[in-house]
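Participant: Please read through the structure below; I'll follow up with questions.
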Amino acid sequence: MKKGLALLLTSALVFSCLTGCGKTEEAGSSAQSTDTTAAVTADAGTEAAADAGEALDAAEQAIADRKAKAAESGEYEKIVVSFFDWTGAPAGIDRINAKLSAYTEETLGVDVELLIIDSAAYTEDIKLMLSSGEQVDLFSTCGPGYMTCVNNGYTADLEADGLLDTYGAGLKDFIRADYLDACRVGGTLYGVPPIKDYAIQTAAVCIGTEYLEGAGVDLSTFQKDDLGYYKCSWDDIDDMFAKMHAAFPDKTVYSTQDNMLTQGSCVDNIGGDYYGTLLNPSQDLTIENVYESEIFKTWCERFYRWNQAGYISGDALTDTNGASARIKSGAYMAMMACGKPAYENQISGECGRPMTVFDVGEPFMSSSAVSSFPWCMNQNCADPIAAMQVLQALYTDPVVANLVCWGEEGVEYVVNDDTTINWAAGVDANTSQYYPNVLWMMPNQYAAHVWEGDPVDVGEQTAKFNDNCPVKSKALGFTWDNSDYAAEYTALQNAYQEYSGKVIYGFVDPETGLKELNDALYAAGLEEYMAAKQAALNEWAQAAGIN
Amino acid sequence: MKKRIRRYFPVYLMALPGLLYLFINNYMPLPGLVLAFKKFNAQKGIFGSDFVGWKNFKYLFATKDAFVITRNTILYNLAFIVINTILAVFVAVLLAEMTSRMKKIYQCLILLPYMISMVIVSYLVFGYLSSDNGFFNHTILSALGKEPINWYMEKKYWPFILVFVNAWKVTGYNCIIYLSTILGIDRGIYESAAIDGCSKWKQITKITIPMLKPTVIMMTLLAVGRIFYSDFGLFYQVPQNQGALFSVTNTIDTYVYRGLLELGNMSMSSAAGLYQSVIGFILILGANLLVRKLDPDSALF
């Protein structure tokens, strides 16, 4: 009896294992069937592309073909679009996907599924999906990184067989040709940039308004810059910090993060890292070591001074919380970020209190500003034509953009008279069933509504801000595959992390700290790394006709 | 043979899920090791990608860090093996000798740290060592009238801190295995020893410890096989990823993680994994050979 029971239990166990395997097999075979259908449409596509003049007809034909096929099989083919948010798949994702698909079935003859993944898991998950053949057609490279995706061969050539010209021609109306070119790697276009602020207003010091008032800082003495932020010098900031420190001795003045180069300087991290940079990127294409430069030294001396004065927490080295999250906690008063149009609203939201923004730096557009996280197509995509048409809709169709950015009208948000939007009744950031809150990553946030409080023409303002940026890197669009120097890169990365923390947060005298850091970097192979980067840059500059 | 299969059929059936799991998880991916010698490209696939020879291994040996990370990995693991074994055997003997009803409670309490995630442990440690608000600086050192220590910048303390944290965390778990071995020892031996007038101390040193030896050897061999791996959480989370401490906290795993986090290079991470397993494989074979020479009965295979 007992033995019989044991047999029953074990066989049940074995069977449950086997059924587990069966499931994946099924998924595999269904993927295969879409493969074959794709081959048919792809063939039709290349034929159509042969005559570029009939691009519009070809695009409409592709849509009509898909609709016809759907009418036959009763099921639309599906395009999966993946990006991350901060909390994982939103509760209302199925509803939004249904709404979105209902619309795109009409306009494009496809279903669209948004696959939204928690930011912490996105990088790993998307790489796994891309390398294992799971269906994801369009994805944001924010997380895994554009160059990583290109180097690993995850991305499709968007211009293969005239794909972009024939089926995504509308994209070119929204993305300027030079921004598109900035995403080319070795001449091939693997991604299209999200439409956003590419330029940054460097060194925007953000201080809680209540602390400024408490310390008796008189703001009327400051001029305002083009973006409407107070223009001031670092000496002014030092004065303010001293007053705030005296008025609020229990609070830490400055909330640190390792951003003095990324957000606080016009140094171009050419090729995607700071091991070899352009110190004067609008004029000069010579690669130099930023950690030996005056720019970096000035930063370190400033932090050393602040640390000595007690403006910086003794736990700055170990505290991994975001700078704004610490200010939100109420124990810190100021931080540095980079500004852009309508930034005051954004940072006040992040810090949970009204913030005043001071503009201490200058606007800057780095070589990788445009190509930092473009939207890409999976090289394994079963139907590139449909994917390209969906990509175009994401950039150009306000209905699609609103659903993706904000959710469903009347449920998540309501539209005001001036076309701005706000929360629907009884909904807020915490209770909303669809609030990805990653507007800056969206293909085209300006095709969607503007949130109440931001200027209605924020899109135009941002475009102007980009266009008028005085310090634009000459190397805009230069990308570098460092995989041949991965050994040096790994060693540099370790050396930087070993010696940077204490010197950038002012825990050691910059004289000794910087020497230690530079010695370690050179020992890790900085010279070879910089030379390789310079050679690649020279080659690129020559090909692009820049000198 | 046939009779044996029929007789043990339910047992084989019971082993089947485990064997399947082993096959799928441990043997099927083996051909993928070839990735360590290739420049991976998703379009070409694992087997279609270009061969690059030993290039992917270069970063593990190219710089002066190579010595530091290898030294740290091996020395810490050696310290862990020795100290954790002694502690675990000690605690297991104590627990076995205990007759009070509190025994179960003690056992649970000792096991508890093993269940705590390293991330949580790192914050427990931080609670003691934080330079502004930590228990040591804030309470103990100030009560003694001493200067506060910036723990996360002074590397001389960290070998002790890491060994201590590791011992605190795993002793409870390791001692379960020794405890079960002790409980499996024939009580008759102890009874006859007691009749012969053998003291408790003598019983422990002459009966319990020798009987534990095969288990100790087996556990040590298993640990030796993993001597090139390190507990990532312990070396990355507990020192809060502090640069100033790298020379005493950087191990092969943390070095690879820091370097490849942004590169996302699959071939280089496979190279590191292959290097660790091959060395581990050689070490475990060597250690087993040594044991077989010294004490054939205790060898694993």
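Participant: Do the conditions hold for residue A:69, that is, is it surrounded by 19 or more Cβ atoms within 10 Å (Cβ to Cβ), of a type in the set (Lys, Arg) and assigned to a helix (DSSP H, G or I)?
Facilitator: no
Participant: Can you confirm whether segment B:105-125 contains a residue that is hydroxyl-bearing (Ser, Thr, Tyr) and either closer than 13 Å to residue B:170 by Cα or in contact with a strand residue (DSSP E or B) (Cβ under 7 Å, 6 or more places away or on another chain) (or both)? Working first, answer last.
Facilitator: Step one: of segment B:105-125, the residues hydroxyl-bearing (Ser, Thr, Tyr) are B:106, B:114, B:117, B:122-123.
In the following step, the residues that additionally are either closer than 13 Å to residue B:170 by Cα or in contact with a strand residue (DSSP E or B) (Cβ under 7 Å, 6 or more places away or on another chain) (or both) were identified as B:114, B:117.
Yes, there is a match, as at least one residue in segment B:105-125 is hydroxyl-bearing (Ser, Thr, Tyr) and either closer than 13 Å to residue B:170 by Cα or in contact with a strand residue (DSSP E or B) (Cβ under 7 Å, 6 or more places away or on another chain) (or both).
Participant: Six or more apart or on different chains, Cβ under 7 Å: which pairs go from a residue in segment A:411-431 that's closer than 13 Å to residue A:453 by Cβ to one that's of a type in the set (Gly, Ala, Ser) and surrounded by 16 or more Cβ atoms within 10 Å (Cβ to Cβ)? Could you list them?
Facilitator: none
Participant: Residues that are charged (D, E, K, R), at least 1 per element: which strands (runs of 3 or more DSSP E) completely within segment A:336-383 meet that?
Facilitator: So the answer is A:355-359.
Participant: Got a sec? Which helices (runs of 4 or more DSSP H) wholly within segment B:122-230 have at least 2 residues that are in contact (Cβ under 8 Å) with a residue 24 or more places away in the chain?
Facilitator: Correct list: B:158-184, B:209-225.
Participant: In segment B:244-257, is there at least one residue being crowded, with 19+ Cβ neighbours inside 10 Å, away from chain A (no Cβ under 14 Å), acidic (Asp, Glu) and on the phi < 0 side of the Ramachandran plot?
Facilitator: no
Participant: Quick one: which helices (runs of 4 or more DSSP H) sit completely within segment B:38-102 and have at least 3 residues that are under 30 Å from residue B:172 (Cα atoms)? Can you show your working first?
Facilitator: On the way: elements: B:45-48, B:58-61, B:65-97.
Correct list: B:65-97.
Participant: If I filter segment B:258-294 down to residues being within 14 Å of another protein chain (Cβ to nearest Cβ) and among the aliphatic types (A, V, I, L, M), which single residue comes out as nearest to residue A:150 (Cα to Cα)?
Facilitator: B:263
Participant: Can you tell me which of (1) out of contact with any Pro (no Cβ under 6 Å at 6 or more places or on another chain); (2) modelled with pLDDT of 90 or more; (3) acidic (Asp, Glu) is the one residue A:268 doesn't meet?
Facilitator: It fails just one condition, (1).
Participant: Applying the selection to segment A:239-255, what residues are under 15 Å from residue A:324 (Cα atoms) and in a loop (DSSP other than H, G, I, E, B)? Can you show your working first?
Facilitator: Going residue by residue through segment A:239-255, those that are under 15 Å from residue A:324 (Cα atoms) are A:251-255.
Residues satisfying the conditions are A:251, A:255.
Participant: Kindly provide the set of residues from segment B:19-36 that are within 23 Å of the chain's Cα centre (by Cα) and within 11 Å of another protein chain (Cβ to nearest Cβ), ordered by number.
Facilitator: The one that is within 23 Å of the chain's Cα centre (by Cα) and within 11 Å of another protein chain (Cβ to nearest Cβ): B:21.
Participant: Does residue B:16 qualify as being more than 25 Å from residue B:259 (Cβ to Cβ) and within 9 Å of chain A (Cβ to nearest Cβ)?
Facilitator: On the way: more than 25 Å from residue B:259 (Cβ to Cβ): yes; within 9 Å of chain A (Cβ to nearest Cβ): yes.
Yes; evaluated as a whole, the condition is true for this residue.
Participant: A further question follows. For segment B:88-100, does any single residue satisfy the condition of being under 30 Å from residue A:508 (Cβ atoms), surrounded by 12 or more Cβ atoms within 10 Å (Cβ to Cβ) and away from every other protein chain (no Cβ under 14 Å)?
Facilitator: No - not one qualifying residue is present in segment B:88-100.
Participant: So, residue B:232, is that one among the aromatic types (Phe, Trp, Tyr), more than 13 Å from every other protein chain (Cβ to nearest Cβ) and surrounded by fewer than 20 Cβ atoms within 10 Å (Cβ to Cβ) or not?
Facilitator: Values: among the aromatic types (Phe, Trp, Tyr): yes; more than 13 Å from every other protein chain (Cβ to nearest Cβ): yes; surrounded by fewer than 20 Cβ atoms within 10 Å (Cβ to Cβ): yes.
It is true that residue B:232 is among the aromatic types (Phe, Trp, Tyr), more than 13 Å from every other protein chain (Cβ to nearest Cβ) and surrounded by fewer than 20 Cβ atoms within 10 Å (Cβ to Cβ).
Participant: While we're here: Taking the stated definitions as given, is residue B:22 in contact (Cβ under 8 Å) with a residue 24 or more places away in the chain and in a helix (DSSP H, G or I)? Can you show your working first?
Facilitator: On the way: in contact (Cβ under 8 Å) with a residue 24 or more places away in the chain: no; in a helix (DSSP H, G or I): yes.
Considered against the rule, which asks whether it is in contact (Cβ under 8 Å) with a residue 24 or more places away in the chain and in a helix (DSSP H, G or I), residue B:22 comes out as no.
Participant: Here is a further query. What pairs can you find where one residue is in segment A:79-106 and free of Cβ contacts under 8 Å to residues at least 60 places away in the same chain, the other is assigned to a loop (DSSP other than H, G, I, E, B) and hydroxyl-bearing (Ser, Thr, Tyr), and their Cβ atoms are less than 8 Å apart, with a gap of 6+ or different chains?
Facilitator: A:101/A:76; A:105/A:76
Participant: Looking for whichever is β-branched (Val, Ile, Thr), under 24 Å from the mean Cα position of the chain (by Cα) and surrounded by fewer than 23 Cβ atoms within 10 Å (Cβ to Cβ) here; the options are A:399, A:370, A:390, A:411. Which one fits?
Facilitator: A:399
Participant: Given the structure, is residue A:322 within 14 Å of another protein chain (Cβ to nearest Cβ), surrounded by fewer than 18 Cβ atoms within 10 Å (Cβ to Cβ) and in contact (Cβ under 8 Å) with a residue 60 or more places away in the chain?
Facilitator: Here the answer is no, as residue A:322 does not meet what is asked.
Participant: Tell me, please, whether a residue that is within 16 Å of the chain's Cα centre (by Cα) and basic (Lys, Arg) can be found in segment A:339-362.
Facilitator: Yes; the residues of segment A:339-362 include at least one that is within 16 Å of the chain's Cα centre (by Cα) and basic (Lys, Arg).
Participant: Determine whether segment A:258-273 contains at least one residue that is over 26 Å from the mean Cα position of the chain (by Cα), surrounded by fewer than 16 Cβ atoms within 10 Å (Cβ to Cβ) and within 25 Å of residue A:211 (Cα to Cα).
Facilitator: Checked against the condition, which is being over 26 Å from the mean Cα position of the chain (by Cα), surrounded by fewer than 16 Cβ atoms within 10 Å (Cβ to Cβ) and within 25 Å of residue A:211 (Cα to Cα), segment A:258-273 yields no hits at all.
Participant: So, residue A:467, is that one of a type in the set (D, E, K, R), over 30 Å from residue A:268 (Cβ atoms) and surrounded by fewer than 16 Cβ atoms within 10 Å (Cβ to Cβ) or not?
Facilitator: Criteria not met by residue A:467.
Participant: Looking at A:224, A:251, A:243, which one is under 19 Å from residue A:348 (Cα atoms), touching a residue at least 12 places away in the same chain (Cβ under 8 Å) and of a type in the set (Lys, Arg)?
Facilitator: When all the criteria are applied, what remains is A:251.
Participant: I'd like to verify a number: residues in segment A:186-211 that are surrounded by fewer than 21 Cβ atoms within 10 Å (Cβ to Cβ), among the β-branched types (Val, Ile, Thr) and assigned by TED's automatic domain parsing to the domain that holds residue A:457, how many?
Facilitator: The qualifying residues number 1.
Participant: Give segment A:154-184 a look and list any residue that's within 14 Å of chain B (Cβ to nearest Cβ) and either in a helix (DSSP H, G or I) or surrounded by 19 or more Cβ atoms within 10 Å (Cβ to Cβ) (or both), or say none.
Facilitator: A:154, A:155, A:156, A:160
Participant: Next question. Condition test on residue A:140, is it of a type in the set (Gly, Ala, Ser) and away from chain B (no Cβ under 12 Å)?
Facilitator: On the way: of a type in the set (Gly, Ala, Ser): yes; away from chain B (no Cβ under 12 Å): yes.
Judged against the criteria, residue A:140 is a match.
Participant: Just to be sure before I move on: is residue B:39 touching a residue at least 60 places away in the same chain (Cβ under 8 Å), over 31 Å from the mean Cα position of the chain (by Cα) and within 11 Å of another protein chain (Cβ to nearest Cβ) in the structure I sent?
Facilitator: Numbers: touching a residue at least 60 places away in the same chain (Cβ under 8 Å): yes; over 31 Å from the mean Cα position of the chain (by Cα): yes; within 11 Å of another protein chain (Cβ to nearest Cβ): yes.
So residue B:39 passes the test.
Participant: Sticking with this one: In this structure, is residue A:129 hydrophobic (A, V, I, L, M, F, W, C) and surrounded by fewer than 21 Cβ atoms within 10 Å (Cβ to Cβ)?
Facilitator: It is true that residue A:129 is hydrophobic (A, V, I, L, M, F, W, C) and surrounded by fewer than 21 Cβ atoms within 10 Å (Cβ to Cβ).
Participant: Looking only at segment A:117-138, how many residues end up being part of a strand (DSSP E or B) and either out of contact with any Phe, Trp or Tyr (no Cβ under 9 Å at 6 or more places or on another chain) or modelled with pLDDT of 95 or more (or both)?
Facilitator: Going through segment A:117-138 one residue at a time, the tally reaches 1.
Participant: I need the full set of residues from segment A:289-335 which are in a strand (DSSP E or B) and small (Gly, Ala, Ser), in order please.
Facilitator: A:334
The values are calculated or read from the model by the stated rules, or taken from the named source; none is laboratory data. Everything numeric here is computed off the predicted structure, so don't read it as measured data. When we count neighbours, we look across all protein chains shown, and the Cβ atoms used for this are built from the backbone with ideal geometry, even at glycine.
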